[in-house]
Amino acid sequence: MKYAIETFKLRKIYRNGVEALKGVTFKVKMNEIIDYIGPNGAGKTTTINILATIIKPTSGNAYVLGFDVVKEADEIRSRIGLLVQETILDYFLIVYENLYVYAWLQGIEKSERIKRIKELLKDFDLYDKRNRRWNTLSTGEARRAALARALIHEPEILFIDEPTLGLDPYGKSITWDYLKELRKKGVTIFLASNQMEEIQALCDRVIFIHKGEILEVGHPEEIIKKYAPHTIVEINLSDIKPYLVETISKKISSHEGIERVEFKSPEKLEIHFNENILDVLEMLDIISKLNMKIKSSRIRHATLNDAFIEIVKRSKNYE
Amino acid sequence: MNRVAPLIYREIKQMVNFKIFLLNTLLSPVVYLLFFAFGIASNFGNINYKGVPINYVVFLLPGLIAIQSYNLYILSFASVSTEKRPGVLKILLISKVKLKHYIIAKISVGALIVLIQALLLISTCLLITGFCISISSLQIALLLTSLIMSSIAWCSLGISLGSIITDDELRNLINVIIGLPLMFSSSAFYNLERAPLWVKILGMINPITYTSNTIRDSLLGLVDRLTLHSFIMLLLISITLLVICINITKRVELL
């Protein structure tokens, strides 16, 4: 089976001694949308930079579309698109010129260049802004323009660091729709997003990285089931008596079916249920009996975010 | 070379879109010539150069052209530094741009700017002073080559520093520390032969001196052994700085 991306024991130690990647191994199938998730400084950008052939690994191997990232960088560069986190277009070029230069650099013929730019500007609702400079665009428009630029040469793999960072709901919707369309056309998409809503809406699989090590790989729903199979009751309290916090935690935790009890803030209590949630009223009763007022409460299912927190907590690197 | 053309287009478009920069680049040297050179000339008259009395405006003209080429260092330092920091270089690199393409484009556009500035300065000087240039094809070749070599030298230095230093404050500090001593210890504004010894020594390790001397001798028709010496020194400095630039940019992470 041909993989879009393969890495084997990939390590990167920067000159300042920081070990950003500690032997990362994973595979991404063709035509997959995958998210590479991890806290800040986990090694996401370093991995993308290596896969995009911008920096070289210290050891280990990585292949993009079967090409070695060190030995066959040119082959890879013509087949990938990259959108970095900073949303940088050339400052003194207008949107149209930004796309034009990069289309030219990719070797696209002039007539095709013009046609392709027009299509992309229309797809991303930027046609009316084509003569505007980067600094006069809104964050969302600049982000969309940068994404359009990354797609100018119809790449086979798209690397995107935080695709919808700073985008309003309309911008997010356009981008997500476009990414889904790209996948239908056979493009593999490698996201580095920490936005759970986005991951659950788009991704086939997620790869969790923390402190340069892969902690988990899998389908979002499977990961939630594995690490956060609980239902959560969120309770907002008032008239908090700090000395009772521990008492509440102990009393509730002792009940059967409770995974854990957490005070997210002095006024926000989260009860994680392992199984059913029939005991919710009983929990509320315990709290009321301690003379604490309940402002509001809601029941929700665990999300990828809860699973993510759990994975990080269980990891040996958790401090 | 098919990557250099779009990069040159990119550099030129950026410049044309940045109207204030364009205006400043084209007008500043002319204004300098008109006000500073004529002001000084009216006070001190002619200046003696290689035994020939020369109008100060005509004497300063090559110096001003040499300083325009020095300005390429400031321009390329700022441009590379600001393109590296936020990730523009990353995007360029995965667009199949090699560092050599990037360096060639920066130097080519830099040299083009200096040539246009030189043309404007020479035309203004000729119009206003009525100074008559009788220049041979060899002198023209010498003039153009020295301008190109000087552009290579200064752009290379700017690109080298810009690829290492991305901090704006440090960049400004370096420019202040290097800039004024370089300009005023060269033969751009005065005849170095009559300067104090320590200024002469500084002037001898200063590329602006060699650029000024070569251009001055070409324009004034005073080409001799010393001109050849200046030309060779400029050539060596250009090659050295270009080699350093290529090596530094290759080694810098994320470039």
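Values quoted throughout were computed directly from the atomic coordinates according to the rules given, and no laboratory measurement underlies them. Worth saying up front: this structure is predicted, and the values here are computed from it rather than measured. Cβ: placed from backbone, ideal geometry, glycine included. Neighbour counts: every protein chain shown.
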**Complete:** Footprinting proxy, B:Cys155, B:Cys125, B:Cys132: sorted fewest to most Cβ within 10 Å, the residues are B:Cys132, B:Cys125, B:Cys155
**Message:** Students often get this wrong: which residues of region B:119-141 have the backbone nitrogen under 15 Å from the point 7 angstrom along Cα-to-C-beta of B:Phe38?
**Reply:** B:121-131
**Complete:** Filtering trypsin sites (Lys or Arg not before Pro) in region B:30-108 by DSSP loop and by at most 15 other Cβ atoms within 10 Å leaves B:Lys50, B:Lys98
**Asked** Using alpha-carbon pairs under 8 Å, 6+ residues apart, how would you state the relative contact order of region B:4-251 in percent?
**Response** 28 percent
**Asked** What's log10 of I(q)/I(0) for region B:180-255 at q = 0.11, 0.12, 0.16, 0.22 Å⁻¹, Debye sum over Cα points only, no solvent?
**Response** -0.35, -0.41, -0.64, -0.96
**Message:** Students often get this wrong: which residues of region A:134-156 have the backbone nitrogen under 17 Å from the point 7 angstrom along Cα-to-C-beta of A:Gln85?
**Reply:** A:143
**Asked** Quick one: Karplus J couplings for region B:166-176, per residue in order, coefficients 6.51, -1.76, 1.60, θ = phi - 60°, nearest Hz, x for Gly and Pro?
**Response** 10, 8, 4, 5, 5, 4, 4, 4, 4, 4, 5
**Message:** Using the crude model of +1 on Lys and Arg Cβ and -1 on Asp and Glu Cβ, and no other charge, please compute the dipole size for region A:159-203 relative to its Cα centre, in debye to 20.
**Reply:** 280 debye
**Prompt:** Semi-axes of region A:3-225's equivalent ellipsoid from the Cα gyration tensor, sqrt of 5 times each eigenvalue, largest first, rounded to whole Å?
**Reply:** 29, 20, 16
**Request:** Rounded to whole Å and ordered largest first, report the semi-axes of the equivalent ellipsoid of chain B derived from its Cα gyration tensor (root of 5λ).
**Result:** 32, 19, 17
**Item:** Theoretical FRET efficiency, 1/(1+(r/R0)^6), r = Cβ-Cβ of B:Asp167 and B:Ile244, R0 30 Å, to 0.05
**Value:** 0.90
**Fill in**
For region A:107-193 the GluC sites (Glu not before Pro) that pass both the DSSP coil test and the at-most-12 other-Cβ-within-10 Å test are A:Glu109
**Inter-label distance for A:Phe8 and B:Thr145, nm, one decimal - labels placed 7 Å from Cα along Cα-to-Cβ** = 5.5 nm
**Request:** Treat every Asp and Glu Cβ in the protein assembly as shown as -1 and every Lys and Arg Cβ as +1, leave all other atoms uncharged, and give the resulting dipole magnitude about the Cα centre to the nearest 20 debye.
**Result:** 1320 debye
**Prompt:** For the protein assembly as shown, what D do you get in µm² per second when you plug the Kirkwood radius from alpha-carbon pairs into Stokes-Einstein at 10 °C and 1.306 mPa s?
**Reply:** 57 µm²/s
**Request:** Any chance you could give the angle, 0 to 90 degrees and rounded to 10, that helix B:225-251 forms with the longest Cα principal axis of chain B?
**Result:** 10 degrees
